[in-house]
Amino acid sequence: MPPRLLLRTITEFRRLYQRLHAGDAVVGPLAWREGEEAKLLDLVDRGVVFFPSALAQMLARSKVAQAEVLGEFMVPGTFVAYSLPDLARHLNEFRDRGGGQVVTKRDKAHLGLGVSLWPSLEALCSLGGLQGLPFPLVVQPFLSGARDLRAVVLGDYAEAYERLNPGGFRKNIFQGGSSRPLELTPEILAFCQQVMGRGKFPYAILDLLQSASGESFLSEISLKGGLTGARLGQEEFRERVQSLEEEWQRQWESS
């Protein structure tokens, strides 16, 4: 039996991909190219292990994948539209919910640049009938008056802050928002851990929406991201991630 391999760089991964076998490990996240996700599925099937998990890495790269896998934690009515007929199929459902504004998210767009607000799903469908839309799209009801929270969960470290923008619905700080510290309640932390458990995230940055009644919903989840507004800076974030990777490696080596 050949010695087990542990890879840490995308260069090693591509060079040794065909040689990997059950028990080998890939410590990332690595900079996969578009289309290389199939290699993760292949390696998981071969018994190769990942840290973070292959599922978490795939989810972190795609808003569409998040909506498909973690949709149970999102605003009720959230769905993925892969085509104009997909949009049209949900018209009656949205009318039954009372209509209202909807938000769309472009897959793999960052910094709030792919997020759009529409007066109704009907208006979005009408636009799609006149010109092409950038499918696939995540579509969800607009939660009016919701608070925008960001939580950072890294092992035994966790914190949260609120993002605000009285001049627009985008609370992203890149889009002109501001932030203020927020107490991370046991309820919010438990919700984050539930989401992370479902997506097999060992650590995460989570964007949450909190309704006027205090109910939390997942907006997005990632393995890295902006930390403006957090007590934790990027350098300490990287150090804590490295510590989690080293602890995981020690357990892998002793297994």
Requested in this report: Would you point out which residue out of 121, 137, 143, 154 is under 18 Å from residue 79 (Cβ atoms), crowded, with 19+ Cβ neighbours inside 10 Å, touching a helix residue (DSSP H, G or I) at 6+ places or on another chain (Cβ under 6 Å) and of a type outside the set (Val, Ile, Thr)?
Outcome: 121
Query - region 108-145, residues that are under 22 Å from residue 93 (Cα atoms), in contact with a strand residue (DSSP E or B) (Cβ under 9 Å, 6 or more places away or on another chain) and part of a loop (DSSP other than H, G, I, E, B) - result: 119, 120, 133, 135, 136, 142, 143
**Report entry** Filter result for the condition that a residue is over 30 Å from residue 16 (Cβ atoms) and assigned to a loop (DSSP other than H, G, I, E, B), over 80, 75
**Finding:** 75
Query raised in the report: Since residue 31 meets every condition but one in (1) over 27 Å from residue 210 (Cα atoms); (2) surrounded by 14 or more Cβ atoms within 10 Å (Cβ to Cβ); (3) in contact with a helix residue (DSSP H, G or I) (Cβ under 6 Å, 6 or more places away or on another chain), which condition does it not meet?
Result: (2)
Query raised in the report: Quick one: what pairs do we get from region 31-43, first residue under 17 Å from residue 223 (Cα atoms), second surrounded by 14 or more Cβ atoms within 10 Å (Cβ to Cβ) and charged (D, E, K, R), C-beta under 8 Å, 6+ apart or different chains?
Result: 32/39; 32/61; 37/61
Report summary line: Output for Cβ contacts, cut-off 6 Å, separation at least six or different chains, first residue touching a residue at least 40 places away in the same chain (Cβ under 8 Å) and closer than 12 Å to residue 252 by Cβ in region 1-15, second among the hydrophobic types (A, V, I, L, M, F, W, C) and surrounded by 15 or more Cβ atoms within 10 Å (Cβ to Cβ), reads 6/25
**Report entry** Looking only at region 73-99, and only at residues there that are touching a Pro at 6+ places or on another chain (Cβ under 8 Å) and surrounded by 15 or more Cβ atoms within 10 Å (Cβ to Cβ), the one that is farthest from residue 60 (Cα to Cα)
**Finding:** 94
Report summary line: Exception for residue 49 within (1) of a type outside the set (D, E, K, R); (2) farther than 25 Å from residue 141 by Cβ; (3) out of contact with any Gly (no Cβ under 8 Å at 6 or more places or on another chain) falls at (3)
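Rule-based calculations on the coordinates, nothing more; no lab input. The structure presented is a predicted model; accordingly, all values stated were derived computationally and were not measured. Using ideal geometry, Cβ is built from the backbone for each residue, glycine included, and neighbour counts are taken over all protein chains shown.
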